[in-house]
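What follows is a set of notes on a single structure, which appears directly below.
The values are calculated or read from the model by the stated rules, or taken from the named source; none is laboratory data. All values derive from a computational prediction rather than experimental measurement. Cβ atoms come from the backbone with ideal geometry, glycine included; neighbour counts cover every protein chain shown. All accessible areas refer to the heavy atoms of the entire protein, side chains included, with ligands and DNA or RNA removed. Shrake-Rupley method; radii C 1.70, N 1.55, O 1.52, S 1.80 Å.
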Amino acid sequence: MSDPAFGTGGVVLALKDPKLALPNGHQVRAVADLLVVEDGVEQFDLPVLERILVSRHAAPELAELVIECAPDGSWLRVGDRELRNIRGQQQDFVLTMVDAYKKGNRRPKVEWAFRVAGYGEGTYDLRHITRRKEFFDFFAQGGGECWIVTEH
C-alpha cells in the first residue's frame with residue numbers, strides 16, 4: 001500500500017479492525033462496522049462506505065471566494081474582479097444572485113432568479129436583460145440554471 005500505484009485513502013475491509021496505521025492515508029475497517037440489519041436480514045451498508053470514501057477523497061478546502069455587492073446592487077465584486085455601473089432591474093438580478101450564492105444556492109434555476117428579480121414571464125435568458133459583455137464575465141447560464149462566474 002505504500003506503492004503510489006495504490007493511490008491514497010483506500011479502505012481495507014477486515015473481519016476485525018487490527019488498529020493498524022496504514023501508509024498513504026489507507027485505513028482498515030471491520031466488516032461488522034459496515035453491516036446493518038433491515039427486516040431481520042444483515043446487509044452491507046453501502047451509504048456508510050461511500051461516506052467514508054468520499055470523506056477520504058474530499059478536495060482540499062479552498063479559501064472562500066469573497067463575493068459582495070453594493071446594497072442597491074449597483075456594483076458586484078467577485079474575488080478581485082469588479083463589475084460597476086449596474087443599472088435598473090439588473091441590480092435586482094445581481095442582488096438575487098448574490099443572496100442565493102450566500103445561502104448556498106450556487107446554481108439557481110433561471111426562471112426562479114428572473115422571477116425573484118422582477119422580470120416578466122418569458123424572460124429566461126441573460127441576453128434579454130443586457131448585451132453588455134462585462135456582465136457575461138460575471139454571470140452565465142446553461143441547462144436551465146444560472147450562476148455567478150467564480151473562475152476567470
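Could you tell me how many of the residues in the stretch 113-145 are over 22 Å from PRO71 (Cβ atoms), within 20 Å of the chain's Cα centre (by Cα) and either of a type in the set (Ser, Thr, Tyr) or surrounded by 13 or more Cβ atoms within 10 Å (Cβ to Cβ) (or both)?
Qualifying residue count, the stretch 113-145: 4.
Open to solvent by less than 50 Å² (accessible area, probe 1.4 Å), among the basic types (Lys, Arg) and either at pLDDT 90 or above or touching a helix residue (DSSP H, G or I) at 6+ places or on another chain (Cβ under 8 Å) (or both): which single residue out of ARG81, ARG87 fits that description?
Working: ARG87 fails: open to solvent by less than 50 Å² (accessible area, probe 1.4 Å).
None of the other options fit; the residue is ARG81.
Quick check: is even one residue across the stretch 69-85 touching a Phe, Trp or Tyr at 6+ places or on another chain (Cβ under 7 Å), in the same structural domain as HIS128 (by the TED database), without any contact (Cβ under 8 Å) to a residue 24 or more places away in the chain and farther than 13 Å from PHE139 by Cα?
Yes: one or more hits.
Every residue in the stretch 9-40 that is closer than 19 Å to ARG51 by Cα and of a type in the set (Lys, Arg), please.
ARG29
Of all residues in the stretch 32-48 being of a type in the set (A, V, I, L, M) and part of a strand (DSSP E or B), which is farthest from the chain's Cα centre (by Cα)? Even if it seems obvious, please write down each step before you answer.
Taking the stretch 32-48 as the starting set, the residues that turn out to be of a type in the set (A, V, I, L, M) are 32, 34-37, 41, 46, 48.
After this cut, where a residue has to be part of a strand (DSSP E or B) as well, the list is 35-37, 41.
Values: LEU35: 30, VAL36: 30, VAL37: 33, VAL41: 36 Å.
Top of the filtered list is VAL41.
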